[in-house]
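The values are calculated or read from the model by the stated rules, or taken from the named source; none is laboratory data. Everything numeric in this text was worked out from a predicted model, so none of it was measured. Cβ atoms come from the backbone with ideal geometry, glycine included; neighbour counts cover every protein chain shown. What goes into the accessible areas is simple: the full protein's heavy atoms, side chains included, and nothing from ligands, DNA or RNA. Shrake-Rupley method; radii C 1.70, N 1.55, O 1.52, S 1.80 Å.
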Amino acid sequence: MKKIYRTIAALALTAVIAAGAASCSGEQKEKATPARPTAAKTAAALPNYRYVDLDTILSRYNLAKDYNEEMLRLQNNAESQMKQHQNRIQSLGSQMENKMQNNGYLSEASLKQDQQKLASLQNDAQRSMASLQDNIAQAAAQAQKTINDSINAFIETYNKTRGYDAILFKAATLYINPQLDITDEVVEGLNARYNKVKK
């Protein structure tokens, strides 16, 4: 109801100003300069939509930070396992080279046996790394889905008490009034809800 009264008052004020400007322009016969938009507006004068900066949310939302740490842990584990595979392959390769240089292979069969062992180590490494990378990709996709679902669910609940017509991503706009930014409020609400569940 207050919003309606404010809108009517604003329209009435605009009409009075326009009438005054018209009477002045008749007397002065000068070109009217266009009114400059004011940077600061009252909350009632702002449009009924807001925006969030998703990059800021993802950098400050504790759930997203926890998932980032988990992804780093998985990636570090994969790199560690890759080094172990490489060390085993290099070690066997060095042994084979030394044997060949020192006539350590007494038969063609013993050389073939080591070559097969080397090929087996290489195949195992490839399979192991492919499996690890697949697991990491699946974990990252699941983490992204969980974070997105969490943010969307929060925004839906949050907007029930705010009644905005739209909540946009800042990245989807060329320019948007900074007064419409609700990122801090959303991050605070997300973390309060997440920390409560985590306890």
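Ligands, DNA and RNA left out, the 1.4 Å accessible surface of the stretch 137-193 is 55% carbon and sulfur atoms.
You can think of it this way: the chain between GLN142 and ARG127 has 3.2 nm of extra reach, that is 0.36 nm per residue less the Cα-Cα gap. Along its three principal directions, the equivalent ellipsoid of the stretch 116-187 from the Cα gyration tensor extends over semi-axes of 47, 14, 8 Å, largest first.
With 32 Å as the limit, the listed pairs LYS83/LYS112; LYS83/LYS196; LYS117/LYS145 have LYS83/LYS196; LYS117/LYS145 beyond it between alpha carbons. Label reach from LYS117 (point 7 Å along Cα→C-beta): in the stretch 74-102, amide nitrogens under 13 Å belong to 88-100. For the stretch 62-199, report the translational diffusion coefficient in µm²/s to the nearest whole number, using Stokes-Einstein at 10 °C, 1.306 mPa s, and a Kirkwood Rh over Cα pairs. Translational diffusion coefficient: 79 µm²/s.
Taking 7 Å steps out from each Cα toward its Cβ at TYR164 and GLN75 produces label points 3.0 nm apart. Taking a straight Cα-Cα cut-off under 16 Å and skipping sequence neighbours fewer than 8 places away in the same chain, the aspartates and glutamates within cross-link reach of LYS99 are GLU108, ASP114. Straight-line reach from LYS160: taking Cα to Cα under 15 Å and skipping same-chain neighbours fewer than 8 places apart, the aspartates and glutamates in range are GLU185. Close amide H contacts of LEU168 (hydrogens built in the peptide plane, cut-off under 5 Å, sequence separation of 5 or more or a different chain): ARG50, TYR51, VAL52.
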